[in-house]
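Q: There's a structure below that I have some questions on.
The values are calculated or read from the model by the stated rules, or taken from the named source; none is laboratory data. Since this is a predicted model, take the numbers as computed values, not measurements. For neighbour counting, all protein chains shown are included, and Cβ atoms are generated from backbone atoms with ideal geometry for every residue, glycine included. Remember, those area values only see protein heavy atoms, side chains included, never the ligands or the DNA or RNA. Shrake-Rupley method; radii C 1.70, N 1.55, O 1.52, S 1.80 Å.
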Amino acid sequence: MCGIVGYIGHRKAYPILIKGLKRLEYRGYDSAGVALISDSCQLNVYKTKGKVADLETFVSQKDISGTIGIAHTRWATHGEPCSANAHPHYSSSGRFALIHNGIIENYAVLKEKLQAKGYHFNSSTDTEVLVQLIEYIQSADHIDLLTAVQLALREVIGAYAIAVMDRDNPDEIVAARKSSPLVVGIGEGEFFLASDATPIVEYTDKVVYLEDEEIAVIRRDSPLKVVNLNNVECPHKVQTVSMNLGQLEKGGYPHFMLKEIFEQPACINDCMRGRVNIEGNNVVLSAVIDYKERLLAAKRFIIVACGTSWHAGLIGKQLIETFCRIPVEVEYASEFRYRDPVIGPDDVVIAISQSGETADTLAAVELAKSRGAFIYGICNAVGSSIPRATDTGSYIHVGPEIGVASTKAFTGQVTVLAMLALTLGREKGTIDEAKFVSVVQELQHIPEKMEEVLKLNDRIAELSKIFTYAHNFIYLGRGYAYPVALEGALKLKEISYIHAEGYPAAEMKHGPIALIDAEMPVVVVATQNGLYEKVLSNIQEIKARKGRVVALVTKGDNIISRVADTVIELPAVMECLDPLITTVPLQLLAYHIAVCKGMDVDQPRNLAKSVTVE
Ligand code: M6R
């Protein structure tokens with residue numbers, strides 16, 4: 001989703017802004033732009049449809065001087081992707097330039113009001129309305145930019161992260177946030193602005209995460225000033241980010257997605273570090289221990305999430321119900337937030353989000369909080385909005401995930417959910433000691449078993465070539481493997497644009513079986529677990545209709561290999577942790593099919609990494 005970058009200091013702003021936009025490319029976008037106040041105090045705005053590289057081409061030969069600037073990648077909401085709708089937008093007089101992430105819901109009313117005052121608009125965006133409104137307010141009373149922004153934002157309904165520059169004051173950027181992330185990086189006599197810390201870490205590790213309705217005023221060689229819409233000073237905490245540049249680069253892999261798939265063994269180790277003991281027979285999630293009374297008192301857990309994180313939630317439900325004997329519901333955050341759900345102080349809500357910025361999940365958290373529920377967050381992006389809105393939680397610690405298709409975050413989320421279920425189950429006395437120790441030991445072996453699966457990469461790449469013809473895919477699984485089937489299907493459709501559906505295997509005969517013919521690839525998670533025999537029957541039903549079966553089986557399985565067209569053999573894993581292994585070949589399958597089809601794997605069309613609008 002839209003990316004914001006800003007710089008003010010003593011260096012040339014343009015290269016910093018362009019590099020920053022590239023770091024934010026992973027968020028997904030369709031146009032890009034930059035505004036600079038030049039050395040001769042001109043406001044230069046350059047923008048174009050397409051990639052940041054297209055913007056660079058467009059800008060070559062133009063004046064890119066200046067030590068202050070703002071830049072933006074836009075993911076279209078109001079108005080098609082085109083250069084007129086791209087940000088930055090500027091005011092009628094050409095004095096103010098503004099970038100915006102979010103949605104101004106009452107833009108139509110504001111636009112009408114400004115049009116009546118003689119303002120003309122060059123775009124169909126909600127954002128242009130805001131910059132015109134700022135100019136209108138500023139010019140009426142000749143007030144300073146900060147005051148004009150404060151007054152304008154008081155009229156705005158919606159979500160925003162903005163940065164505004166005034167051509168007539170090249171020493172200041174004013175930035176504000178509400179329900180859309182914004183980070184200020186603090187350097188020596190210079191400041192950086194960005195939607196997340198990735199464009200900033202190259203220059204400084206000192207950051208301030210703005211809170212809702214806070215406005216930052218950043219001036220060269222001056223301390224950071226943060227105020228609210230009523231101009232009351234807000235205390236702000238300077239935090240240290242611990243991201244390194246290597247994590248933001250491809251490190252020799254052709255795509256971030258492949259790098260992130262291969263990072264999973266290390267990520268799972270990082271996720272367990274300090275939580276599973278060295279002997280490998282105990283696990284402690286400190287947030288669970290710190291809030292154990294509240295968690296143990298819960299009558300019900302509700303997991304809210306979207307997309308891949310929702311799939312992790314489905315696995316979490318089985319883990320928590322099995323080990324803690326507490327009923328768990330799993331809800332799409334987008335449905336939950338508008339459903340007037342029955343929820344109260346007896347409930348614990350677990351919000352799962354890689355980015356920690358998903359608007360629907362954040363809104364679900366706020367709703368549950370307002371009804372007195374206790375909120376536990378499971379997130380990856382440190383310092384993001386959801387962890388800050390929750391009562392407690394656990395980070396998954398898998399490092400920045402850049403590929404739009406989530407991979408390592410999913411396995412990290414499942415690992416945290418397993419550790420949560422084990423820690424709580426032990427406190428509650430609903431898991432016996434021998435079972436507890438055996439699951440912890442198995443958890444410790446997951447990274448090495450993942451390594452084994454990753455050795456299948458070449459074979460899966462070969463297999464993928466057969467399937468580039470396919471227009472449809474079905475993924476099946478039962479029990480713990482059902483969410484894996486959903487996740488496998490989601491990965492394939494996101495990056496290869498092949499239509500794919502995941503089903504619980506036994507549901508097939510209630511409808512989807514009508515789709516099966518010799519053209520239909522059916523991927524079945526059929527490892528040797530509780531429902532193995534049942535899944536075998538499901539495979540036979542598919543074969544009887546000439547479907548083409550790719551089965552994930554446990555190494556040494558010689559029954560399904562006689563029935564399926566292709567088998568992918570995986571190391572044996574305890575059923576409750578099997579998703580951590582079976583998901584990996586499905587990620588690779590989706591990746592290689594998309595590569596064979598020549599797709600933009602890391603930035604698939606229409607998708608955003610961080611869905612900060614509803
Ligand atoms: O950042 P979140 O985990 O809250 O994101 C939720 C979904 O938008 C996300 O998982 C999406 O489905 C991914 N593109 C999946 O690969």
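Q: Can you give me the span-like helices of the chain, meaning DSSP H runs with 24 Å or more of Cα extent along the axis and Kyte-Doolittle mean at or above -1.0?
A: Going by DSSP H runs, the hits are 307-324, 408-428, 433-454, 579-596.
Q: Then there is this: Could you tell me the calculated FRET efficiency between Ala266 and Arg325, based on Cβ-Cβ distance and R0 = 30 angstrom, to the nearest 0.05?
A: Working from the Cβ atoms, E equals 0.35.
Q: Follow-up. Express the accessible area of the stretch 22-78 per residue in Å², computed with a 1.4 Å probe while the remaining protein chains stay in the model.
A: I get 37 Å² per residue for the stretch 22-78.
Q: If you average the sequence gap of Cα pairs under 8 Å that are 6 or more apart and divide by the length of the chain, what percent do you get for the contact order?
A: Relative contact order comes out at 12 percent.
Q: Among DSSP beta bridges whose residues both lie in the stretch 81-195, state the antiparallel percentage, nearest 5.
A: Taking every DSSP beta bridge with both residues in the stretch 81-195, the antiparallel ones total about 95 percent.
Q: Please report the spacing between the Cα centers of the stretch 409-426 and the stretch 512-547 in Å, no decimals.
A: 30 Å
Q: Here is a follow-up. Ignoring ligands, DNA and RNA, how do Ile560, Ile278 rank by accessible area with a 1.4 Å probe, largest first?
A: These residues rank, largest area first, as Ile278, Ile560.
Q: For the stretch 457-596, which whole percent of the accessible surface, found with a 1.4 angstrom probe, sits on carbon and sulfur atoms?
A: About 51 percent, which is the carbon plus sulfur part of the accessible surface.
Q: If I take every Cα pair under 8 Å that is 6 or more residues apart in the stretch 512-614, average their sequence separation and divide by the length, what percent do I get for the relative contact order?
A: Once normalised by length, the contact order is 21 percent.
Q: Something else: Using 0.36 nm times the number of residues separating Arg294 and Arg220, minus their current alpha carbon distance, what extension gain do you get?
A: 21.9 nm
Q: Could you give the distance between the Cα centres of the stretch 428-462 and the stretch 379-405, to the whole Å?
A: Computed from Cα coordinates, the inter-centre distance equals 23 Å.
Q: Right, something else. Counting only other residues whose beta carbon sits under 14 Å from that of Asn538, what net charge do I get with K and R as +1, D and E as -1?
A: +2
Q: Over all directions, the average projected area of the alpha-carbon convex hull for the stretch 250-453 comes to how many nm²?
A: 10.9 nm²
Q: Applying a 10 Å radius around every beta-carbon, put 472-480, 187-195 in order of their mean neighbour count, most first.
A: Averaged packing, sorted descending, gives the order 472-480, 187-195.
Q: Excluding Gly251 itself, calculate the net charge of residues whose Cβ lies under 11 Å from the Cβ of Gly251, where each Lys or Arg counts +1 and each Asp or Glu counts -1.
A: Local charge sum for Gly251: -1.
Q: Modelling each spin label as a point 7 Å along the Cα-to-Cβ direction, I'd like the Glu249/Val109 distance in nm, to one decimal.
A: 5.1 nm
Q: Kindly identify the stretch 3-247 as rounded, prolate or oblate by the Cα gyration tensor criterion: order the square roots of the eigenvalues as a ≥ b ≥ c, call it rounded if a/c is under 1.5, otherwise compare a/b with b/c, prolate if a/b is larger, else oblate.
A: Note, shape of the stretch 3-247 comes out rounded.
Q: Which of rounded, prolate, oblate describes the stretch 457-596, given a ≥ b ≥ c as roots of the alpha-carbon gyration tensor eigenvalues and a/c under 1.5 marking rounded, otherwise prolate only if a/b is larger than b/c?
A: It is rounded, given that a/c, with a ≥ b ≥ c, falls under 1.5.
Q: Using a probe of 1.4 angstrom, how much of the accessible area of the stretch 250-453 is carbon and sulfur, in percent?
A: Ligands and nucleic acids excluded, carbon and sulfur reach 51 percent.
Q: If you don't mind, there's one more thing I want to ask. Tell me, what % of the accessible area of the stretch 182-247 is carbon and sulfur with a 1.4 angstrom probe?
A: Roughly 46 percent, rounded to a whole number.
Q: With a 1.4 Å probe and all protein chains left in place, how much accessible area per residue does the stretch 284-350 have, in Å²?
A: For the stretch 284-350, the solvent-accessible area averages 41 Å² per residue.
Q: Pop a pseudo-label 7 angstrom from the Cα along the beta-carbon direction at both Glu533 and Asn277 and give the gap in nm to one decimal.
A: With each label placed 7 Å out from Cα toward Cβ, I get 4.0 nm.
Q: State the answer as a single residue: which of Gln115, Tyr29, Leu456 lies farthest towards the positive end of the charge dipole of the chain, with beta carbon charges of +1 for Lys and Arg and -1 for Asp and Glu, about the Cα centre.
A: Towards the positive end, the residue furthest out is Leu456.
Q: Antiparallel versus total DSSP beta bridges in the stretch 250-453: what percent is that, nearest 5?
A: That works out to approximately 5 percent antiparallel.
Q: Give me the percent relative contact order of the stretch 3-247, please, defined on Cα pairs under 8 angstrom at least 6 residues apart.
A: 19 percent
Q: Ignoring ligands, DNA and RNA, what accessible area per residue does the stretch 457-596 give at 1.4 Å, in Å²?
A: 36 Å²
Q: Output the Cα-based Rg and Dmax of the chain in Å, rounding Rg to one decimal and Dmax to a whole number.
A: Cα-based Rg and Dmax for the chain come out at 25.5, 82 Å.
Q: Report the local net charge at Tyr209: Lys and Arg +1, Asp and Glu -1, summed over other residues whose C-beta lies under 15 Å from its C-beta.
A: Taking every other residue near Tyr209 into account, the sum is -2.
Q: Follow-up question, since we're still on this one. Please report Rg (one decimal) and Dmax (integer) in Å for the Cα set of the stretch 223-283.
A: Reported Rg and Dmax, both Å: 19.8, 55.
Q: Using 15 Å as the cut-off for backbone N distance, which residues of the stretch 53-69 belong to the label zone defined by a point 7 Å from the Cα of Gln42 along Cα→Cβ?
A: 59-67
Q: Report for the chain the percent antiparallel among DSSP-assigned beta bridges with both residues inside it, nearest 5.
A: Beta bridges within the chain, antiparallel portion: roughly 60 percent.
Q: Okay, moving on. Note down the nm distance, to one decimal, between modelled labels 7 Å out along Cα→Cβ at Asp141 and at Arg545.
A: 6.8 nm
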